[in-house]
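Below: one structure, written as structure tokens.
The values are calculated or read from the model by the stated rules, or taken from the named source; none is laboratory data. Since this is a predicted model, take the numbers as computed values, not measurements. We place every Cβ from the backbone using ideal geometry, glycine too, and count neighbours over all the protein chains shown.
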Amino acid sequence: MLDALARNGIDLAITVPCKYIARLIVEAEQDLRFTLMYPSREEEGLGIAAGATLAGRGSVMLLQNSGLGNMVNAYCSLNVYYGLPLCLIVTYRGDELERVPAQVPMGARTERLLDLLGIRVVLLEKPADLTRFEGELEAHRRDATSVAFLSKKTFWTPA
Amino acid sequence: MTRPDVIRAVLARIAEDVIVVSNIADASFDLCHLKDRPRNFYMLGSFGLAPSIGLGLALSRPERVVVLNGDGALLYNLGSLPTEGRYAPANYLHLVVDNGAHGATGYQPTATSTGTDLVAVARGCGLQAQRVDTPATLDDALAAWLATGGAQLIVAVATERPAAPAPLPPYSGLEVAARFGRALASSRVPNHTKSIALGDFASGLSP
């Protein structure tokens, strides 16, 4: 994943973490091709990513789907209004494998929320789905459209 | 001081290549009205995110970045201060026009009007920070930052209300972003950045 991001000119990773992607975050932090930042909350990370985009720099946000709810107004009035595409790697909490019941209501609304916002959803359910990642990433960069790689627990830690 | 007085002081000091990100509503209206420049980013939505956009720019570009924020907007995204203190690009200035109120929505009082000390909060987050309340002390603070750099917060107390609101910028969001992006893309490494200590700036860019 990091290789594909780097090949597509993305060198800034901004995260409000999730346990599912703890390893990816460590790898991004140790990878000299990337700068990793931890904003206080997702909306702030979206602002940092927008500043990078305006500067011509590629960025990705790594977050939980719960954090999408914290970005809705900012996505509309910043990314949509100014035409700034966003690249999101979103962990899909609140599905049938979820251990934390409070994650379930947001999980049930996540795909509809992304659809409403006009963000393209690429579902990553199993490790083999990684083959779709780079092509979709290239389309995001080429067409300047927002994309959310919505990734389930079974993608990160297969049974 | 009024908010336009503060913005005039900034405009009088900054070179052409300095990037300015202005808070939603009046700060953006005043900035565009006083001096419309391609390197102004007029933020007209996303309340609170001016310092975050400015931080993303400062970490990605060599030029100086000035964020024109308000006290209400900073209180809304107070979590931006620890992030600024943590990554601390030396080319970054967060200038808060503090009128103690949400001016754009009818001057409802904010917490700074009842004693919240943004300078103390910023210092607690590892930023250099100071309060100024006259045009002369503001000008001194701006001159000092332009001379030395360093991630910094200046709170400019400006409780005097401006006479009349400035008009809206005559651009769509797409036009603002496209013009701003083109202006940055046209110059990769401006000369004046030699005045920024290379070590400090590089530390803001490293993982």
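Quick notes on this one:
- Restricting the stretch B:90-118 to residues that are without any contact (Cβ under 8 Å) to a residue 60 or more places away in the chain and assigned to a helix (DSSP H, G or I), the residue that is farthest from the chain's Cα centre (by Cα): B:Thr114
- Annotation: B:Ala88 fulfils all but one of (1) within 20 Å of B:Leu146 (Cβ to Cβ); (2) at the interface with chain A (Cβ under 10 Å from one of its Cβ atoms); the unmet one is (2).
- Across the stretch B:22-41, not a single residue is classified as modelled with pLDDT of 95 or more, at the interface with chain A (Cβ under 10 Å from one of its Cβ atoms) and within 24 Å of B:Thr148 (Cβ to Cβ).
- Residues being within 23 Å of B:Ser46 (Cα to Cα), among the basic types (Lys, Arg) and more than 14 Å from the chain's Cα centre (by Cα) - total across the stretch A:1-49: 0
- Single residue of A:Glu44, A:Glu29 found to be surrounded by fewer than 22 Cβ atoms within 10 Å (Cβ to Cβ) and of a type outside the set (Ser, Thr, Tyr): A:Glu29
- Whenever a residue of the stretch A:4-33 is on the phi > 0 side of the Ramachandran plot, its partners that are surrounded by 14 or more Cβ atoms within 10 Å (Cβ to Cβ) and not in a strand (DSSP E or B), lying with C-beta atoms within less than 8 angstrom and at least six residues away or across chains, give the pairs A:Gly9/A:Arg141.
Listed here are the residues, each with its yes/no results for (1) surrounded by fewer than 16 Cβ atoms within 10 Å (Cβ to Cβ); (2) farther than 30 Å from B:Arg179 by Cβ.
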site: A:Asn73; (1), (2): yes, no
site: A:Tyr81; (1), (2): no, no
site: A:Tyr92; (1), (2): no, yes
site: A:Arg109; (1), (2): yes, yes
site: A:Ala128; (1), (2): yes, yes
site: A:Lys152; (1), (2): no, yes
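- In a residue-by-residue description of the stretch B:163-170, the property of being at pLDDT 95 or above and touching a strand residue (DSSP E or B) at 6+ places or on another chain (Cβ under 8 Å) applies to at least one position.
- Pairs are defined by a Cβ separation below 6 Å, a sequence spacing of at least 6 or placement on different chains, a first member in the stretch A:139-159 that is touching a residue at least 12 places away in the same chain (Cβ under 8 Å) and more than 15 Å from A:Gln64 (Cβ to Cβ), and a second member that is of a type outside the set (D, E, K, R) and part of a loop (DSSP other than H, G, I, E, B); the pairs so defined are A:Arg141/A:Asn8; A:Ala144/A:Pro85; A:Thr145/A:Pro85; A:Ser146/A:Pro85; A:Ser146/A:Leu86; A:Ser146/A:Ile119.
- Test result for B:Gly126, surrounded by 12 or more Cβ atoms within 10 Å (Cβ to Cβ), in a loop (DSSP other than H, G, I, E, B) and either under 17 Å from the mean Cα position of the chain (by Cα) or modelled with pLDDT of 95 or more (or both): yes
- Test: residue in the stretch A:148-159 that is under 17 Å from A:Ala6 (Cα atoms) and outside any helix (DSSP H, G or I): yes
- Filter result for the condition that a residue is under 14 Å from the mean Cα position of the chain (by Cα) and crowded, with 24+ Cβ neighbours inside 10 Å, over B:Val67, B:Val18: B:Val67
- Enumeration of residues in the stretch B:32-44 that are more than 16 Å from B:Arg13 (Cα to Cα) and either in contact (Cβ under 8 Å) with a residue 40 or more places away in the chain or of a type in the set (D, E, K, R) (or both): B:Cys32, B:His33, B:Pro38, B:Phe41, B:Tyr42, B:Leu44
- Selection over the stretch A:50-92 of residues that are part of a helix (DSSP H, G or I), more than 7 Å from chain B (Cβ to nearest Cβ) and among the hydroxyl-bearing types (Ser, Thr, Tyr) gives a count of 3.
- Selection from the stretch A:6-49 of residues that are more than 7 Å from chain B (Cβ to nearest Cβ), of a type outside the set (S, T, N, Q), touching an Asp or Glu at 6+ places or on another chain (Cβ under 7 Å) and more than 30 Å from A:Arg99 (Cα to Cα): A:Arg33
- Test: residue in the stretch B:98-105 that is out of contact with any strand residue (DSSP E or B) (no Cβ under 8 Å at 6 or more places or on another chain), away from every other protein chain (no Cβ under 14 Å) and not acidic (Asp, Glu): yes
- Boolean, A:Met106 is within 12 Å of another protein chain (Cβ to nearest Cβ) and either in contact with a helix residue (DSSP H, G or I) (Cβ under 8 Å, 6 or more places away or on another chain) or free of Cβ contacts under 8 Å to residues at least 24 places away in the same chain (or both): no
- Scanning the stretch B:48-89 for residues that are out of contact with any Phe, Trp or Tyr (no Cβ under 6 Å at 6 or more places or on another chain), without any contact (Cβ under 8 Å) to a residue 40 or more places away in the chain and part of a loop (DSSP other than H, G, I, E, B) turns up B:Leu49, B:Ser60, B:Asn77, B:Gly79.
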